[in-house]
Amino acid sequence: MTVRFSPITFLATYCLGYSLELIYDAPLFRYYPLHNLLTWGPDHVSGHGPAIVWYGILANALFVSTLTAFVLSDRWLDRVFRNFVLVFPILAMGLSIGLMWKFFV
């Protein structure tokens, strides 16, 4: 049995996972640079200043999408999503811009 990695499945699940984590604010970890504190999970720690969550969001999306790309067969997903590969990143970027728009206005 050979282990296969599906790049199309990775792309689709990474974009979906990243978007869902931005919506639900559920990173794998949070880093508080003022106190050099790393906390696991989506819980906030009060009194430690602002947290850096972007690395936790990237790590969680990477973990989920890598696992999914190895588990799911790429044969049927490749046929379904082959012509729509660019749709996933464009939708994820649009959603990210929409969610972060309030920070730039």
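Mind listing whichever residues of segment 66-95 are surrounded by 12 or more Cβ atoms within 10 Å (Cβ to Cβ), small (Gly, Ala, Ser) and farther than 19 Å from Arg4 by Cα? Matches in segment 66-95: Ala92 only.
Just one of the listed residues (Leu99, Leu72, Leu91) is more than 20 Å from Thr9 (Cβ to Cβ) and touching a residue at least 40 places away in the same chain (Cβ under 8 Å), namely Leu99. Only residues that are farther than 12 Å from Ala69 by Cβ and under 14 Å from the mean Cα position of the chain (by Cα) were counted in segment 1-15, giving 1. Restricting segment 26-49 to residues that are open to solvent by less than 60 Å² (accessible area, probe 1.4 Å) and within 17 Å of the chain's Cα centre (by Cα) leaves a set whose member that is farthest from Arg79 (Cα to Cα) is Arg30. Residues of segment 1-25 that are in a loop (DSSP other than H, G, I, E, B) and open to solvent by 50 Å² or more (accessible area, probe 1.4 Å): Met1, Thr2, Val3, Arg4, Phe5, Asp25. Is it true that some residue in segment 86-97 is more than 19 Å from the chain's Cα centre (by Cα), part of a helix (DSSP H, G or I) and farther than 14 Å from Leu22 by Cβ? There is no residue in segment 86-97 that is more than 19 Å from the chain's Cα centre (by Cα), part of a helix (DSSP H, G or I) and farther than 14 Å from Leu22 by Cβ. The set of residues from segment 16-25 being under 10 Å from the mean Cα position of the chain (by Cα) and either over 22 Å from Met100 (Cα atoms) or among the aromatic types (Phe, Trp, Tyr) (or both) comprises just one member, Tyr18. In segment 50-65, the residue that is nearest to Thr13 (Cα to Cα) out of those that are open to solvent by 40 Å² or more (accessible area, probe 1.4 Å) and of a type outside the set (A, V, I, L, M) is Phe63.
The values are calculated or read from the model by the stated rules, or taken from the named source; none is laboratory data. Please read all numbers here as calculations on a predicted model, not as lab measurements. FYI the Cβ positions are ideal-geometry reconstructions off the backbone, even for glycines, and counts take in every protein chain you see. Protein only, heavy atoms only, side chains kept; ligands, DNA and RNA dropped before computing areas. Shrake-Rupley method; radii C 1.70, N 1.55, O 1.52, S 1.80 Å.
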